[in-house]
Amino acid sequence: MDKRENILEAWIMVEHLSEGDIKLRDKMLKKLEIPKDRDYYSLLNEEMQGQNLSNDKGGIVLYFNTYPFSTVIQLLREKFNLSETYDEVSVGDKFSFALYFDKELKLQGDMTFFTASYYILQNNSIPQEKDFLNFEKENKENMNSIFACPEEEEYNAFFNKAFAKLLNQYSIQTEKSRMKVLKNLETDATNLHSFFVDDLEKAKSIKARNLECYLSGENESRINLNSKANTQDFNPGI
């Protein structure tokens, strides 16, 4: 892989690292607690009923295994021997993955969302875009398989078994997981991959002088506006 593609791959991963934010103090988020009777279907169904969910397009989203983003930052610092900076990046909380269910608690597989931060924590490495997409694709297919109910089986009982399998297979920590009722899955589901990623992927195959100059940093008319005295490129004239 050449330097140009390395730059674009790194940029793509930066975009992915901005995804998966969750505000744990959001009052609309409820902790996911394991019911004593392990009746997960009733737990989620009652949560939706308690929110007077009347819209047929409504449902519920579950955010699993949240963690401070600082955990990822620290891992990357240690892996690449990076020193801590004063202008630190946003260090809120992230979720590992999110599952969406409609009013009937049927998994909306197309909306299943895995974060790149979760991949990094799981594999202790930064993936290339194709590796991350394969990781997400395989896990989405696995989720669809877990919640694919046979026609002859009663759904409530099947859902409880499937949910228990999910908790075990993905080592879910329920105290670090949240649920949220959505009035409209189509409009309220905001966990999408950055639209910049598609543009950056296209840039890999585009040959244009402006793009080449931008990526290589070669621009004689560029003005250095760095006003930070403790950095290498500090411009005292600013």
Quiz item: If you take the residues in the stretch 109-133 that are in contact (Cβ under 8 Å) with a residue 60 or more places away in the chain and aromatic (Phe, Trp, Tyr), which one is farthest from Glu78 (Cα to Cα)?
Solution: Phe113
Practice problem: Please verify whether the stretch 111-121 includes one or more residues that are surrounded by fewer than 17 Cβ atoms within 10 Å (Cβ to Cβ), within 15 Å of the chain's Cα centre (by Cα) and assigned to a helix (DSSP H, G or I). | Solution: yes
Exercise. Being of a type in the set (Gly, Ala, Ser) and over 15 Å from the mean Cα position of the chain (by Cα) is the filter here, so list the residues in the stretch 16-69 that pass it.
Key: Ser42, Gly50, Ser54, Gly58, Gly59
Quiz item: On the given criteria, is Leu62 assigned to a loop (DSSP other than H, G, I, E, B), in contact (Cβ under 8 Å) with a residue 40 or more places away in the chain and buried (at least 16 other Cβ atoms within 10 Å of the Cβ)?
Solution: no
Quiz item: Has the stretch 84-96 got any residue that is β-branched (Val, Ile, Thr) and part of a helix (DSSP H, G or I)?
Solution: no
Quiz item: Do you know which residues across the stretch 11-44 are in a helix (DSSP H, G or I) and modelled with pLDDT of 95 or more?
Solution: Tyr40, Tyr41, Ser42, Leu43, Leu44
Quiz item: Take the residues of the stretch 1-16 that are out of contact with any helix residue (DSSP H, G or I) (no Cβ under 6 Å at 6 or more places or on another chain) and closer than 20 Å to Phe95 by Cα: which is surrounded by the most Cβ atoms within 10 Å (Cβ to Cβ)?
Solution: Met13
Quiz item: What is the one condition in (1) part of a loop (DSSP other than H, G, I, E, B); (2) exposed (fewer than 14 other Cβ atoms within 10 Å of the Cβ); (3) modelled with pLDDT under 95 that Glu78 does not satisfy?
Solution: (1)
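The values are calculated or read from the model by the stated rules, or taken from the named source; none is laboratory data. These figures come from a predicted structure and were not determined experimentally. Please note: Cβ atoms are built from the backbone with ideal geometry, for glycine as well, and neighbour counts cover all protein chains shown.
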